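The values are calculated or read from the model by the stated rules, or taken from the named source; none is laboratory data. All of these numbers come straight from a predicted model, not from anything done at the bench. Don't worry about glycine lacking a Cβ; one is built from the backbone with ideal geometry, like all the others, and counts go over all protein chains shown.
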Amino acid sequence: MTHALIAAVTAAILFRIVPLACEGDRLVVAGAGVLRLAAGTSCAAVSPGRAIAIALDADNRATPQKLTTDALPAAKIPRAAYVLAPAAATDADETQLVTSTIDVTVPPRTPPGDDVYISTERSSWSPSEVRMDRVDARHFRLVLQLHRGARVAFRVTRGSFGTTERNAARALPAAHVALGEPDAHVAVVVAAWGDID
Amino acid sequence: MLDGGAIVFFSDTLALVARDGVTLTFADGTRAHADAAYIDLKSDRVVLAGHARLARRAATAAADAIALDLDGDRVDLLDAASGVSRTTRALGAATAAEFDAARFAFPDVDDRNAFIKSKHATITPHADVRFTPASFPTSVGGVPVPSYLYTYATGAGFAASSLSGATFDQPYGLWGSPTSLTALHARWDDGPGAALALQQQIVSGDDAYVSASIDAPFRGYAVRSFTAYKRLGARYTASADGSATIYGSFAHAGLTAAFGLAGAALDYRRSSTGFSTLDASLRTPDRPLFGGATWRLKGIVGFDSLRGGLLNQLPDARRYATVWRHGLDLQVASPLIHAPLGTTLSSTFDLQRTWYAFPHHYDQLGASASASRPLLRNVMLFAGYQGQWSSDVFPNAQTVFYPTPATPLLTPDGTPYYGYTAFSGARTFRSQNVDLQFTPNRGASTAFRLSVIHTADFPQFNGYGRPQWEARADARFRPFPNVGIDVGRVYDFAWGGTRWQPRWSFAITP
């Protein structure tokens with residue numbers, strides 16, 4: 001009987017969770033709710049804040065498991081499994097790298113041989129942090145790999161602070177934002193450069 | 001202040017995750033303990049996970065997980081058995097509350113992709129985090145430093161630098177606040193070589209900043225400089241900048257105004273040589289011409305001034321201590337034209353004339369054309385041409401201002417440049433470039449580029465002027481998940497008495 005139960009649990013679907021706490025027979029799942037542990041299961045393998053996998057038995061009770069790459073996100077856990085649940089769950093998987101595309105249109109007076117860069121707070125706003133790929137004479141593109149949930153503020157330059165973009169009033173614009181969401185896209189039209197009126 | 005057995009930081013998500021026993025001390029004296037903690041620096045949200053306890057003066061609160069803000073009053077307590085209750089930072093009696101999942105979101109992160117690992121972090125909300133010590137992990141080991149200040153403030157002034165551009169510039173934050181940053185810069189540039197620079201920035205959001213720096217190369221002379229900016233309402237901006245070396249100083253003050261898409265500017269420049277200029281300009285917006293082309297006209301009025309006279313070539317040079325001038329600048333830009341086979345074409349033209357308050361005018365014509373064409377799915381070919389022709393005209397006095405040299409001009413390697421005798425004020429700058437760009441994986445993280453540039457100018461000879469041939473290769477790639485590298489190599493060929501002259505460019509990106 002015990003062997004059959006273990007086999008059933010092993011074959012069950014695994015869910016990747018970040019445990020917030022584990023006390024007694026209760027397992028708190030980040031952004032989701034509170035699960036009940038399976039009988040005979042302890043919190044010994046649970047370290048708050050560190051992702052693990054769990055399997056659910058027929059009674060929707062959780063058993064901690066070794067983390068595997070095919071584990072489903074916590075958002076896929078049936079709501080019926082929770083003994084305590086919020087109105088809506090939150091997916092906070094930031095392990096996934098997603099691509100975020102920045103498209104920049106430059107003004108016609110941009111010197112044709114100049115490279116265009118983005119500058120972000122990640123490099124203390126280095127004006128030549130990442131060189132963009134040229135699409136044509138007026139368009140540049142950069143595909144960033146960001147963690148899901150990222151929010152990267154950036155400005156457009158031609159490689160030095162003096163060449164940082166300006167808005168139509170020739171003032172410094174607020175930073176643009178590239179989001180770490182699947183296939184995120186942000187389009188920026190540079191009205192003017194700091195060194196070219 | 002955050003202390004933990006292990007702290008990992010992710011620069012793009014601004015997530016701090018601490019585990020293996022965490023202590024957090026807030027600015028108001030509140031202390032927190034937990035098995036693990038997550039701080040979202042984007043929203044200043046804190047989640048304490050596992051055996052979470054809060055203490056403020058004599059008041060305490062405990063729960064399986066606690067959610068609160070770095071500088072807010074709301075405190076949510078999650079007890080696995082009884083649910084969620086809510087209190088304040090005063091930690092009074094808690095009342096039952098709804099279970100807000102977003103408050104208790106704790107990110108699932110991969111520690112291998114962390115930007116920084118540490119054991120102690122001091123957070124200044126909306127400004128920076130100091131890690132002590134800090135290690136920058138890679139798949140082949142970590143790069144440790146005793147302390148590292150990571151600034152995430154987004155005010156435009158934090159991007160303002162009074163330092164000149166360099167081949168390599170790595171800042172190291174010393175002190176920071178939401179409105180200021182003091183940073184040491186390790187720099188390398190062709191010519192002066194290695195340098196250390198110190199820069200102070202004082203910032204007021206996107207509207208105002210002052211940045212001052214001293215750049216001290218190990219060889220050569222130090223450069224002290226500053227730049228300042230203030231936005232004056234929706235229409236006007238004021239700016240000032242300057243620099244000083246042992247050889248002299250330079251300062252500039254400017255004012256811009258916007259009237260819809262038209263604009264005006266006033267600029268005054270002065271150097272320690274006594275030379276100064278004033279320019280007042282008005283520009284039209286870009287206006288449609290035909291077929292998508294646009295034109296723009298700019299008018300400039302101003303003066304040049306020099307103690308002792310501007311025109312040293314004249315016997316009565318002192319009469320010309322200040323020379324007024326006015327000019328017109330017509331710019332025409334073609335639209336981006338899409339031709340067959342994915343080809344795009346574009347061009348610009350620029351025609352300028354400046355009249356001076358004595359018999360002298362300066363003409364300039366500029367033209368550029370660019371073309372791009374995809375060769376393969378990930379390979380693009382670019383070609384460009386840029387030309388600029390100028391003429392400095394002194395009617396009936398051309399030979400006074402552009403006399404034939406009595407002896408041949410010597411180029412940097414000592415070769416005489418006999419052709420320079422033909423120069424009488426008319427210059428030509430022409431360049432052609434061809435670039436091949438390869439972006440595997442649709443440009444995500446990796447890009448390669450090969451470029452060849454040819455210039456045909458006058459005057460130009462063997463080290464005098466621009467190199468005639470230049471080849472460059474650039475590569476951008478990510479050797480590790482959290483570290484990107486952009487490296488470039490440039491060769492100038494058969495110029496200045498050398499077969500070729502190489503240069504490097506190098507940048508590390510998060």
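Out of A:Ala85, A:Ala58, which single residue is more than 8 Å from chain B (Cβ to nearest Cβ), farther than 30 Å from B:Ile485 by Cα and either among the hydrophobic types (A, V, I, L, M, F, W, C) or surrounded by fewer than 18 Cβ atoms within 10 Å (Cβ to Cβ) (or both)? Walk me through it before giving the result.
Numbers: A:Ala85 fails: more than 8 Å from chain B (Cβ to nearest Cβ).
When all the criteria are applied, what remains is A:Ala58.
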Test: A:Arg141 is at the interface with chain B (Cβ under 8 Å from one of its Cβ atoms), in a strand (DSSP E or B) and among the basic types (Lys, Arg): yes
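Pick from B:Leu330, B:Leu381, B:Leu341, B:Leu376: which is loosely packed, with under 15 Cβ neighbours inside 10 Å and at pLDDT 95 or above? It would help to see each step written out before you state the result.
Numbers: B:Leu381 fails: loosely packed, with under 15 Cβ neighbours inside 10 Å; B:Leu341 fails: at pLDDT 95 or above; B:Leu376 fails: at pLDDT 95 or above.
Result of the check over B:Leu330, B:Leu381, B:Leu341, B:Leu376: B:Leu330.
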Test result for A:Thr120, more than 7 Å from chain B (Cβ to nearest Cβ) and within 20 Å of B:Gln201 (Cβ to Cβ): yes
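Filter segment A:99-117 down to the residues that are more than 10 Å from chain B (Cβ to nearest Cβ) and in a strand (DSSP E or B), then identify the one that is nearest to the chain's Cα centre (by Cα). Can you show your working first?
Start the filter on segment A:99-117 by keeping residues that are more than 10 Å from chain B (Cβ to nearest Cβ), which leaves A:102-104, A:106, A:114, A:116.
Then keep just the ones that are in a strand (DSSP E or B); that gives A:102-104.
On the way: A:Ile102: 16, A:Asp103: 20, A:Val104: 23 Å.
Going through the qualifying residues, I end up with A:Ile102.
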Complete set of residues in segment A:160-197 that are crowded, with 16+ Cβ neighbours inside 10 Å, within 7 Å of another protein chain (Cβ to nearest Cβ) and either of a type in the set (A, V, I, L, M) or part of a loop (DSSP other than H, G, I, E, B) (or both): A:Ser160, A:Thr164, A:Ala169, A:Arg170, A:Ala171, A:Leu172, A:Ala175, A:Gly180, A:Asp197
Residue within segment A:42-50 that is over 25 Å from B:Ile39 (Cβ atoms) and hydroxyl-bearing (Ser, Thr, Tyr) present: yes
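Out of the residues in segment A:18-31 meeting the condition of being facing chain B (nearest Cβ under 8 Å) and touching a residue at least 40 places away in the same chain (Cβ under 8 Å), tell me which one is surrounded by the fewest Cβ atoms within 10 Å (Cβ to Cβ). Break it down stepwise before answering.
If we filter segment A:18-31 for residues that are facing chain B (nearest Cβ under 8 Å), which is where we start, we get A:18-24, A:26-28, A:30-31.
Checking the rest, the ones that are also touching a residue at least 40 places away in the same chain (Cβ under 8 Å) come to A:18, A:26, A:30-31.
Details: A:Val18: 28, A:Arg26: 19, A:Ala30: 27, A:Gly31: 25.
Step by step, filter segment A:18-31, then rank; the result is A:Arg26.
Can you tell me which residue in segment A:32-46 is modelled with the lowest pLDDT, limited to those that are crowded, with 19+ Cβ neighbours inside 10 Å and within 14 Å of chain B (Cβ to nearest Cβ)? Spell out the reasoning first.
In the first step, residues of segment A:32-46 are kept if they are crowded, with 19+ Cβ neighbours inside 10 Å; the result is A:32-38, A:41, A:46.
Applying the additional criterion that residues be within 14 Å of chain B (Cβ to nearest Cβ) yields A:32-37, A:46.
Numbers: A:Ala32: 80, A:Gly33: 87, A:Val34: 91, A:Leu35: 91, A:Arg36: 91, A:Leu37: 91, A:Val46: 90.
Filtering first and then ranking leaves A:Ala32.
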Segment A:104-125: number of residues that are hydroxyl-bearing (Ser, Thr, Tyr) and surrounded by 24 or more Cβ atoms within 10 Å (Cβ to Cβ): 4
The one condition in (1) within 13 Å of chain A (Cβ to nearest Cβ); (2) in a strand (DSSP E or B); (3) among the acidic types (Asp, Glu); (4) in contact (Cβ under 8 Å) with a residue 40 or more places away in the chain that B:Asp3 fails to fulfil: (1)
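Which strands (runs of 3 or more DSSP E) sit wholly inside segment B:200-287 and have at least 1 residues that are surrounded by fewer than 17 Cβ atoms within 10 Å (Cβ to Cβ) and not aliphatic (A, V, I, L, M)? Explain how you work it out, then say what you get.
Numbers: elements: B:208-217, B:223-232, B:236-245, B:248-259, B:262-271, B:275-283.
Passing ranges, in order: B:223-232, B:236-245, B:248-259, B:262-271, B:275-283.
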In segment B:288-333, the residues that are in a loop (DSSP other than H, G, I, E, B), within 26 Å of B:Asp350 (Cβ to Cβ) and more than 31 Å from the chain's Cα centre (by Cα): B:Leu289, B:Phe290, B:Gly291, B:Gly292, B:Leu310
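For segment B:98-185, give me every one of the strands (runs of 3 or more DSSP E) that falls completely inside it and has 1 or more residues that are among the small types (Gly, Ala, Ser).
On the way: elements: B:116-124, B:128-131, B:134-138, B:141-145, B:148-151, B:168-177.
In segment B:98-185, B:116-124, B:134-138, B:141-145, B:168-177 are the strands (runs of 3 or more DSSP E) which contain 1 or more residues that are among the small types (Gly, Ala, Ser).
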Segment B:473-493, subset surrounded by fewer than 19 Cβ atoms within 10 Å (Cβ to Cβ) and of a type in the set (Lys, Arg), residue nearest to B:Pro408 (Cα to Cα): B:Arg489
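Filter segment B:75-91 down to residues that are of a type in the set (A, V, I, L, M, F, W, C) and crowded, with 16+ Cβ neighbours inside 10 Å and give me whichever is nearest to A:Arg36 (Cα to Cα). Walk me through how you get there before you give the answer.
Keep residues of segment B:75-91 that are of a type in the set (A, V, I, L, M, F, W, C), which gives B:75, B:77-78, B:80-81, B:84, B:90-91.
From what's left, crowded, with 16+ Cβ neighbours inside 10 Å: B:75, B:77-78, B:80, B:84, B:91.
Values: B:Val75: 25, B:Leu77: 19, B:Leu78: 15, B:Ala80: 10, B:Val84: 17, B:Leu91: 29 Å.
Restricting to residues being of a type in the set (A, V, I, L, M, F, W, C) and crowded, with 16+ Cβ neighbours inside 10 Å, the top hit is B:Ala80.
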Residue selected from segment B:467-493 under the condition in contact (Cβ under 8 Å) with a residue 24 or more places away in the chain and among the aliphatic types (A, V, I, L, M), by the criterion farthest from the other protein chains (Cβ to nearest Cβ): B:Ala473
The lone exception for B:Arg112 - which of (1) more than 9 Å from chain A (Cβ to nearest Cβ); (2) modelled with pLDDT under 85; (3) within 28 Å of the chain's Cα centre (by Cα) it fails: (3)
Filter result (in contact (Cβ under 8 Å) with a residue 12 or more places away in the chain and among the basic types (Lys, Arg)) within segment B:287-340: B:Arg296, B:Lys298, B:Arg307, B:Arg325
Breaking point among (1) under 30 Å from A:Val156 (Cα atoms); (2) in contact with a Gly (Cβ under 8 Å, 6 or more places away or on another chain); (3) at pLDDT 85 or above, for A:Val104: (2)
Scope segment B:494-510; condition free of Cβ contacts under 8 Å to residues at least 60 places away in the same chain and either surrounded by 15 or more Cβ atoms within 10 Å (Cβ to Cβ) or part of a loop (DSSP other than H, G, I, E, B) (or both); matching residues: B:Trp495, B:Gln501, B:Thr509
Residue in segment B:456-468 that is within 19 Å of A:Asp115 (Cα to Cα) and part of a strand (DSSP E or B) present: no
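Determine which member of the set B:Ala159, B:Ala153, B:Ala166 is closer than 24 Å to A:Gly162 by Cβ and touching a residue at least 40 places away in the same chain (Cβ under 8 Å). Please lay out each step first, then the result.
Numbers: B:Ala159 fails: touching a residue at least 40 places away in the same chain (Cβ under 8 Å); B:Ala166 fails: touching a residue at least 40 places away in the same chain (Cβ under 8 Å).
Going through B:Ala159, B:Ala153, B:Ala166 in turn, the sole match is B:Ala153.
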Selection from segment B:6-25 of residues that are assigned to a loop (DSSP other than H, G, I, E, B) and of a type in the set (Ser, Thr, Tyr): B:Ser11, B:Thr13
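Matching residues to (1) basic (Lys, Arg); (2) within 10 Å of chain A (Cβ to nearest Cβ); (3) within 30 Å of A:Pro182 (Cβ to Cβ):
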site: B:Phe423; (1), (2), (3): no, no, no
site: B:Thr428; (1), (2), (3): no, no, no
site: B:Val434; (1), (2), (3): no, no, no
site: B:Pro440; (1), (2), (3): no, no, yes
site: B:Ala447; (1), (2), (3): no, yes, yes
site: B:His454; (1), (2), (3): no, no, no
site: B:Asp457; (1), (2), (3): no, no, no
site: B:Gln460; (1), (2), (3): no, no, no
site: B:Gly465; (1), (2), (3): no, no, no
